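> Here it is: the structure, laid out below.
The values are calculated or read from the model by the stated rules, or taken from the named source; none is laboratory data. Just so it is clear, the model here is predicted, and its values are computed rather than measured. Because the Cβ atoms are built from the backbone with ideal geometry, glycine has one as well, and the counts that use them run over all protein chains shown. Heads up: the accessible areas ignore ligands, DNA and RNA and are worked out on the full protein's heavy atoms, side chains in. Shrake-Rupley method; radii C 1.70, N 1.55, O 1.52, S 1.80 Å.
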Amino acid sequence: MKSLSEIDTVSKRASRAAGFSWGIAEEVGKNIRILEIFGLPGIRNLNGFLKKKKKSEFENLNLINLENKASNNQFCPIITGISFLDQIKTLEKLNEIKFENIAYPLLFLPFISRASEIIGKRIFLKFDDKEFLLNFNNNIYSNFLKNEIIKVANNISVKFIDNLDLFSDVEWEELHKLSENTFVEESDSLKKKGAGAGLTDND
Amino acid sequence: MKISLRNPNVVMKLSRLGSFHQSKLSFLRSFLKEFKGWDYKRDLFDLDEFGYGVAIYSFKKKDRVYSLICFANKLNENERSDRVIAKKWDAAFTLHDGVPTKADIERLKNEVPKQEVGRLSYKELTLSRANKSVRVFDHVVESLSNGIQPDVNLLSKVGYLYRTTAVYGSGKFGLADRFRIKNREEICGPFRLEMMLVYLVRQFTFDQVNHVAKNKNPKKAINLDPEICRNLGIGNSTGLGMAPFIVNHPTLLNNWILARETALKTIREIEDVKKKDIDLFLKCLKRSLKNITSWNTDSKYQQKKIKSLFEDLNKFINFVEKKFDFSKKFTFNKIYIWLEENTDEECIEYVVSMMMEPYDYIVTPLVKLMSSEEEKYFNIPTERTIANLKDILEKKYPQILEIDFTKKENNQNFWFISKNKEEPRLADRFDENGSELEQPLAIARDVKKLYERLSVSKNSSTIDKFLFKNNDLRHVVRRAFIIEKFPYSEIQDNTIGKSIIPIDMLRLKLSFFGALKFDPRSDKWLRICMFQGAPLPEQLKNYDDHWVYNSLN
């Protein structure tokens, strides 16, 4: 089994060799490490993408808008991801961002996962029928469990999820009431002494 | 009185970093301190009459066990080389997490001797190999087998029976990634498991030499005197592989230097220094002179530095004994100021290390701060402005920004990774091919380039927009935001200039390891000695924190 350190280093060097700058290659190294640690096929997809990059042109998406369509070629997942990560503080104000035709979209995913950590919000990512809930770069919940290469995603959507409770007030109150059974009812004496009050409370 | 931390533009110059010495902060000393209470055991010693076979040593505490597995193999004379091109070694080692099973030992027997081309697993923590100093090893075997102790003068000149030629950890060749073990309290300091490996290898070398002597002449042979053993360490040959490490781990570098600088600042701020602390400082200083007088090297560069150090130290000792008034307040601050005014960098940094000796309560908490969660500082704060970034560069890299990189001599060299050994190398850009594959280690040049591009950008614009067209400098944009928080994270020198002395970078790292007797073999590699004078594993429970000055050599 390869260590994450080896995965990071080899991905970084391979990305540099494929023409990305060292700074971007460093990002790719970290990203493939994230994919592999979350059980997603990072190395396989990067290898596939870099092989295809030798023969094909990809479109670089620098400025991200609400809707992003590639004019001729597919979007490069790395440059699109870098742009997304770099612009995340602006983009988070939008509710949903759509893309069409991103090549090897699994390579785009870790940028979104890292963005989720930066803004402190969950992000819901959908590539065609594959769904991913990105939880602050701590874990990824998904319906995609296959160890396969995804060559392209036609329709991609990124939704920012507001930090709202996943439960009702009633459910919370019920649970809170039960938790109160661990508290001690304070007598007058305990009220005075329990928190270590002095002769004067306000001096 | 409040003393400021020393200026990074002084401390982080290569000549200063290349003058650092071991101290109480050094990893091999903090390792011994941490493991002194652990149970040491030799679990297996299955060597043939020539010393070839398998041996296992362990440290154990409660349920935690670390096991060093040693494989000693026959090596032909023409196969023995300390250079990284070697493919076989006298012995190869791995530190295994827990107690190895028979299946583990069989698996490792096939992989560990192969080193870089072998595969380890997440159950192994570190990997190393070592070669005999044949001259010394054979002399010791010969002497012991004849019932006499070896010539301590010869031993003193070399200082070890074996020298390691590489020690690997942190995920290399399939070894465990650091994340698997980083929360263990006993290994909170950097390189602790590498230090454990080297320390246990040292014991193996003594056991092996005794075993071979015994088999050579069972009736007459004696064991190597434990006092002689204690005064032997483990040698190490180190090349350029270490140099990029300190560039590639900026927050870690910062935390090492910051610990040292914080210790110095705190000691200089002590108003009333106790007599017992002064006495200990002077005792360690005087005893340490033996480590300088027995420091042998053929390197003219190092000989000059040793001579200057020895002269400066004698001048300093003369000053403190005859002219200095220890009853004055802020003793160590006054001493430090005198050193800056009267001695060279090598001596200043030597005495700084010595000043830490009496102050366990200052140094010990700092050891725990010498690791780094590097991932936390990886993301670039792209919402910041061009003006912010320019300001950081002006404040943090003032001398770097003055370098003229259009001059050939400032752009002379390039760092690359050798295809043959996947190891870093340095070459002349104008004489050799390959500079188009340069590694991102020319930080000074790229910082200057970044500054020039920022200077023609709109101050109020944000970094995300700047990066649209300048992603070729993304690596230094990241570093600039790191140095904003971590003042000692960057070498404040040109690492590709004509006059660079790469061994200064090696020396910095090795001083934090706790190495002694730096012996440059060229400007690109050197030999050192580790654990010379250290208590043997059986003596660890009666550990003396100042063992490094108790060497007989």
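> Can you name the number of the only condition in (1) within 30 Å of B:Glu124 (Cα to Cα); (2) facing another protein chain (nearest Cβ under 9 Å); (3) in contact with an Asp or Glu (Cβ under 6 Å, 6 or more places away or on another chain) that A:Arg13 fails?
(3)
> Moving to a separate point now. Pull up segment B:130-151, narrow it to residues that are in a helix (DSSP H, G or I) and at pLDDT below 95, then point me to the one that is farthest from the other protein chains (Cβ to nearest Cβ).
Let us first name the residues in segment B:130-151 that are in a helix (DSSP H, G or I), namely B:134-145.
When the remaining residues are screened for being at pLDDT below 95, the result is B:134-135.
Values: B:Val134: 34, B:Arg135: 38 Å.
Ranking the candidates gives B:Arg135 first.
> Could you please find all residues in segment B:451-493 being away from chain A (no Cβ under 14 Å), of a type in the set (S, T, N, Q) and open to solvent by 20 Å² or more (accessible area, probe 1.4 Å)? Can you show your working first?
Let us first name the residues in segment B:451-493 that are away from chain A (no Cβ under 14 Å), namely B:451-452, B:454-460, B:483-493.
Filter once more, keeping what is of a type in the set (S, T, N, Q): B:455, B:457, B:459-460, B:489, B:492.
If the condition is that a residue be away from chain A (no Cβ under 14 Å), of a type in the set (S, T, N, Q) and open to solvent by 20 Å² or more (accessible area, probe 1.4 Å), then B:Ser455, B:Ser457, B:Asn459, B:Ser460 are the ones that fit.
Residue-by-condition table, conditions (1) surrounded by 21 or more Cβ atoms within 10 Å (Cβ to Cβ); (2) basic (Lys, Arg); (3) assigned to a loop (DSSP other than H, G, I, E, B):
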site: B:Leu154; (1), (2), (3): no, no, no
site: B:Tyr162; (1), (2), (3): yes, no, no
site: B:Ser170; (1), (2), (3): no, no, yes
site: B:Lys182; (1), (2), (3): no, yes, yes
site: B:Leu197; (1), (2), (3): yes, no, no
site: B:Arg202; (1), (2), (3): yes, yes, no
site: B:Thr205; (1), (2), (3): yes, no, no
site: B:Asn210; (1), (2), (3): no, no, no
site: B:Lys219; (1), (2), (3): no, yes, yes
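> State which residue pairs qualify: first residue farther than 14 Å from A:Arg13 by Cα and inside segment B:405-428, second residue assigned to a strand (DSSP E or B) and open to solvent by 80 Å² or more (accessible area, probe 1.4 Å) in any location, beta carbons under 6 Å apart, and separation of 6 or more residues or different chains.
As it stands, the answer is none, since no pair meets every condition given.
> A follow-up question, please. Please find, within segment A:18-51, the residue that is farthest from the other protein chains (Cβ to nearest Cβ) out of those that are among the basic types (Lys, Arg) and crowded, with 16+ Cβ neighbours inside 10 Å. Even if it seems obvious, please write down each step before you answer.
Let us first name the residues in segment A:18-51 that are among the basic types (Lys, Arg), namely A:30, A:33, A:44, A:51.
Of the ones still in play, those that are also crowded, with 16+ Cβ neighbours inside 10 Å are A:30, A:33, A:44.
On the way: A:Lys30: 6, A:Arg33: 9, A:Arg44: 19 Å.
By that ranking, first place goes to A:Arg44.
> Report yes if B:Glu436 is of a type in the set (Asp, Glu), outside any loop (DSSP other than H, G, I, E, B) and either open to solvent by 20 Å² or more (accessible area, probe 1.4 Å) or within 16 Å of B:Ala480 (Cβ to Cβ) (or both), otherwise no.
Numbers: of a type in the set (Asp, Glu): yes; outside any loop (DSSP other than H, G, I, E, B): yes; either open to solvent by 20 Å² or more (accessible area, probe 1.4 Å) or within 16 Å of B:Ala480 (Cβ to Cβ) (or both): yes.
Considered against the rule, which asks whether it is of a type in the set (Asp, Glu), outside any loop (DSSP other than H, G, I, E, B) and either open to solvent by 20 Å² or more (accessible area, probe 1.4 Å) or within 16 Å of B:Ala480 (Cβ to Cβ) (or both), B:Glu436 comes out as yes.
> Separate question: Exactly one condition in (1) open to solvent by 20 Å² or more (accessible area, probe 1.4 Å); (2) within 14 Å of chain B (Cβ to nearest Cβ); (3) in a helix (DSSP H, G or I) is not met by A:Lys2; state its number.
(3)
> Can you tell me which of (1) open to solvent by 70 Å² or more (accessible area, probe 1.4 Å); (2) within 14 Å of chain A (Cβ to nearest Cβ) is the one B:Leu369 doesn't meet?
Status for B:Leu369: all satisfied but (2).
> Of the residues A:Leu125, A:Leu106, which is free of Cβ contacts under 8 Å to residues at least 60 places away in the same chain and touching a strand residue (DSSP E or B) at 6+ places or on another chain (Cβ under 9 Å)? Reasoning before the result, please.
On the way: A:Leu106 fails: free of Cβ contacts under 8 Å to residues at least 60 places away in the same chain.
Result: A:Leu125 is the single residue among A:Leu125, A:Leu106 that is free of Cβ contacts under 8 Å to residues at least 60 places away in the same chain and touching a strand residue (DSSP E or B) at 6+ places or on another chain (Cβ under 9 Å).
> Touching a Leu at 6+ places or on another chain (Cβ under 6 Å), within 14 Å of chain A (Cβ to nearest Cβ) and in contact (Cβ under 8 Å) with a residue 60 or more places away in the chain - does that describe any residue in segment B:108-126?
yes
> Got a sec? Which of B:Ile337, B:Ile306 is of a type in the set (Val, Ile, Thr), away from every other protein chain (no Cβ under 14 Å), surrounded by 15 or more Cβ atoms within 10 Å (Cβ to Cβ) and more than 30 Å from A:Gly23 (Cβ to Cβ)? Spell out the reasoning first.
Details: B:Ile337 fails: surrounded by 15 or more Cβ atoms within 10 Å (Cβ to Cβ).
Of B:Ile337, B:Ile306, the one residue that is of a type in the set (Val, Ile, Thr), away from every other protein chain (no Cβ under 14 Å), surrounded by 15 or more Cβ atoms within 10 Å (Cβ to Cβ) and more than 30 Å from A:Gly23 (Cβ to Cβ) is B:Ile306.
> Related question: Go through segment B:350-396 and count every residue that is under 30 Å from B:Leu454 (Cα atoms), part of a helix (DSSP H, G or I) and among the aromatic types (Phe, Trp, Tyr).
1
> If I go through segment B:502-540 residue by residue, how many of them are at pLDDT 90 or above and over 14 Å from the mean Cα position of the chain (by Cα)?
So the count comes out to 9.
> Quick check on segment B:485-498. Is at least one of its residues at pLDDT 95 or above and not in a loop (DSSP other than H, G, I, E, B)?
Among the residues of segment B:485-498, at least one is at pLDDT 95 or above and not in a loop (DSSP other than H, G, I, E, B), which makes the answer yes.
> So, B:Leu125, is that one under 25 Å from B:Leu32 (Cα atoms) and of a type outside the set (Ser, Thr, Tyr) or not?
Against the criterion (under 25 Å from B:Leu32 (Cα atoms) and of a type outside the set (Ser, Thr, Tyr)), B:Leu125 qualifies.
> Take residues that are open to solvent by less than 30 Å² (accessible area, probe 1.4 Å) and more than 30 Å from B:Ile503 (Cα to Cα) and tell me which of the helices (runs of 4 or more DSSP H) falling wholly in segment B:1-110 contain 1 or more. If you could, list the steps in order and put the result at the bottom.
Working: elements: B:8-11, B:14-17, B:27-35.
Correct list: B:27-35.
> Still on this structure, I have one more. What number goes with the only condition from (1) acidic (Asp, Glu); (2) more than 12 Å from every other protein chain (Cβ to nearest Cβ); (3) open to solvent by less than 20 Å² (accessible area, probe 1.4 Å) that B:Asp431 does not pass?
Only one criterion is unmet by B:Asp431, namely (3).
> I've got another one for you. Quick check: is even one residue across segment A:96-116 modelled with pLDDT under 95, more than 9 Å from every other protein chain (Cβ to nearest Cβ) and within 21 Å of the chain's Cα centre (by Cα)? Give the steps one after another, and end with the answer.
Initially, segment A:96-116 is screened for residues modelled with pLDDT under 95, giving none.
Within segment A:96-116, none of the residues are modelled with pLDDT under 95, more than 9 Å from every other protein chain (Cβ to nearest Cβ) and within 21 Å of the chain's Cα centre (by Cα).
> Another question about this same structure. Between residues in segment B:28-42 that are touching a residue at least 60 places away in the same chain (Cβ under 8 Å) and under 12 Å from B:His546 (Cα atoms) and residues that are outside any strand (DSSP E or B) and of a type in the set (Asp, Glu), which pairs lie under 8 Å by C-beta distance while being six or more apart or on different chains?
B:Arg29/B:Asp545; B:Lys33/B:Asp545
A quick yes/no check of all residues on (1) in contact (Cβ under 8 Å) with a residue 24 or more places away in the chain; (2) of a type in the set (Gly, Ala, Ser):
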{"position": "A:Ser5", "(1), (2)": "no, yes"}
{"position": "A:Gly23", "(1), (2)": "no, yes"}
{"position": "A:Glu26", "(1), (2)": "no, no"}
{"position": "A:Pro41", "(1), (2)": "yes, no"}
{"position": "A:Glu57", "(1), (2)": "no, no"}
{"position": "A:Asn68", "(1), (2)": "yes, no"}
{"position": "A:Thr80", "(1), (2)": "yes, no"}
{"position": "A:Leu94", "(1), (2)": "yes, no"}
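> Test of understanding: among A:Ala115, A:Ala153, which residue is open to solvent by less than 70 Å² (accessible area, probe 1.4 Å) and assigned to a strand (DSSP E or B)?
Values: A:Ala115 fails: assigned to a strand (DSSP E or B).
Checking each option against the conditions leaves just A:Ala153.
For every residue, the table says whether it meets (1) outside the structural domain of B:Leu252 (by TED's automatic domain parsing); (2) in contact (Cβ under 8 Å) with a residue 40 or more places away in the chain; (3) at positive phi.
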| residue | (1), (2), (3) |
| --- | --- |
| B:Leu467 | yes, yes, no |
| B:Asn471 | yes, no, no |
| B:His475 | yes, no, no |
| B:Phe481 | yes, yes, no |
| B:Glu490 | yes, yes, no |
| B:Ile496 | yes, yes, no |
| B:Gly514 | no, yes, yes |
| B:Pro520 | no, yes, no |
| B:Asp523 | no, yes, no |
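> Any residue that is farther than 25 Å from B:Ile482 by Cβ, touching a Phe, Trp or Tyr at 6+ places or on another chain (Cβ under 8 Å), outside the structural domain of B:Glu357 (by TED's automatic domain parsing) and small (Gly, Ala, Ser) - is there at least one of those in segment B:206-217? Let's see the steps before the verdict.
If we filter segment B:206-217 for residues that are farther than 25 Å from B:Ile482 by Cβ, which is where we start, we get B:206-217.
Of the ones still in play, those that are also touching a Phe, Trp or Tyr at 6+ places or on another chain (Cβ under 8 Å) are B:207, B:209, B:211-212, B:215.
Narrowing further to those that are outside the structural domain of B:Glu357 (by TED's automatic domain parsing): B:207, B:209, B:211-212, B:215.
Of the ones still in play, those that are also small (Gly, Ala, Ser) are none.
Among the residues of segment B:206-217, not one is farther than 25 Å from B:Ile482 by Cβ, touching a Phe, Trp or Tyr at 6+ places or on another chain (Cβ under 8 Å), outside the structural domain of B:Glu357 (by TED's automatic domain parsing) and small (Gly, Ala, Ser), which makes the answer no.
> While we're on this one: Condition check: away from every other protein chain (no Cβ under 14 Å), closer than 18 Å to B:Phe486 by Cβ, more than 25 Å from the chain's Cα centre (by Cα) and of a type outside the set (Phe, Trp, Tyr). Does B:Lys395 satisfy that? Steps first, answer last, please.
On the way: away from every other protein chain (no Cβ under 14 Å): yes; closer than 18 Å to B:Phe486 by Cβ: yes; more than 25 Å from the chain's Cα centre (by Cα): yes; of a type outside the set (Phe, Trp, Tyr): yes.
Answer is yes for this residue.
> Kindly indicate whether B:Lys396 is surrounded by 21 or more Cβ atoms within 10 Å (Cβ to Cβ), more than 30 Å from B:Leu28 (Cβ to Cβ) and in contact with a helix residue (DSSP H, G or I) (Cβ under 8 Å, 6 or more places away or on another chain).
Details: surrounded by 21 or more Cβ atoms within 10 Å (Cβ to Cβ): yes; more than 30 Å from B:Leu28 (Cβ to Cβ): yes; in contact with a helix residue (DSSP H, G or I) (Cβ under 8 Å, 6 or more places away or on another chain): yes.
Answer is yes for this residue.
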